[in-house]
Amino acid sequence: MKKSLLALAVIAASSASVANAADYSDDIYKNDHKWLQFNAMYAIDEKAQFDFGEGTEKDHNYLEMEFGGRKGVVDLYGYVDIFDLGEDDSSNNNKKGASKLFMKLAPRFSIDGITGQDLSFGPVQEVYFSTLFNWDGGNDIVNNSFWGVGADVELPWFGKVGMNLYGLYDINKKDWNGYQFSTNWFKPFHFFDNGSFLSYQGYIDYQFGADDTFKGNNQATHGGAMFNGLYWHSDNYALGYGLKAYNDVYLFEDGNANNSVGAVADSSGISHYLSATYKF
């Protein structure tokens, strides 16, 4: 259920040909672009996990189809994950019998483009009406939508950073439950003679202001995750390692079993990700 930042490499690599102006009064399609890539992933001790018995396996492989781009006023990011590709038959596999799919879709709508006005100021390059949807493929544990505002912000050293502030609407429970602040970054920091490069890329998702007994389930009032990735990129491939730090991620309170899953949550700590990417 991670939100991969490999896609930012594609956008950054093509940035020389993409206009940076936020004024869309002349042409709302001037920044159009699109991309698609497949990521072969291996997650080590990924969170959140749930204790369904002693020795539950917490490592797994998965395939991720990642996509996005820009068309007119719509800026899009999304991915579909397919877990446990080899169908591990071990009885302690935490993915055994669980949904094999997870999907994230994050369309943002440029207020600059919709109004035809350049709303940039200071380090803020562009302003958005931001949405985000997380869907579990089978058991409906995760079925959330987020609604709010966002911006592309120019920061020293990091360059363009995406920032969004959302309200969370739980689709299963039909109610609002707190807020989320999200930010992501992509920073190339070493270039090789053949044109490939190393990047530091990552994101933070932080939830806060939630009800600790939302709809009868105990949960944390705040929590989130920070992803820190080191990646090598070429035009067609990428290889990477990511370290992800969690604290009551997805508001599952660490060590608590009175939740929507009904099992003890392992939702705080460190996990590791290995990835190999082919870019289309």
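The values are calculated or read from the model by the stated rules, or taken from the named source; none is laboratory data. What you see is a predicted model; the values in this text were computed from it and never measured. Cβ sites come from the backbone with ideal geometry, for glycine too, and all protein chains shown count toward neighbours.
Results for (1) modelled with pLDDT under 60; (2) charged (D, E, K, R), shown as yes or no for each residue.
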| position | (1), (2) |
| --- | --- |
| Ala12 | yes, no |
| Ser15 | yes, no |
| Asp27 | no, yes |
| Ala40 | no, no |
| Ala43 | no, no |
| Thr56 | no, no |
| Asp59 | no, yes |
message = Can you tell me which condition Asn184 does not meet? The list is (1) in a strand (DSSP E or B); (2) surrounded by 15 or more Cβ atoms within 10 Å (Cβ to Cβ); (3) free of Cβ contacts under 8 Å to residues at least 60 places away in the same chain; (4) not aromatic (Phe, Trp, Tyr), and all the others hold.
response = (3)
note = Among strands (runs of 3 or more DSSP E) entirely within region 201-280, at least 1 residues that are more than 19 Å from the chain's Cα centre (by Cα), buried (at least 20 other Cβ atoms within 10 Å of the Cβ) and aromatic (Phe, Trp, Tyr) occur in none
ask   = List the pairs whose first member sits in region 103-132 and is touching a residue at least 60 places away in the same chain (Cβ under 8 Å), whose second member is among the acidic types (Asp, Glu) and not in a strand (DSSP E or B), and whose Cβ atoms are under 6 Å apart, counting only residues at least 6 apart or on separate chains?
value = Asp118/Asp23; Leu119/Asp112; Glu126/Asp112
ask   = Looking at Asn177, is it touching a residue at least 12 places away in the same chain (Cβ under 8 Å), of a type in the set (S, T, N, Q) and outside any strand (DSSP E or B)?
value = no
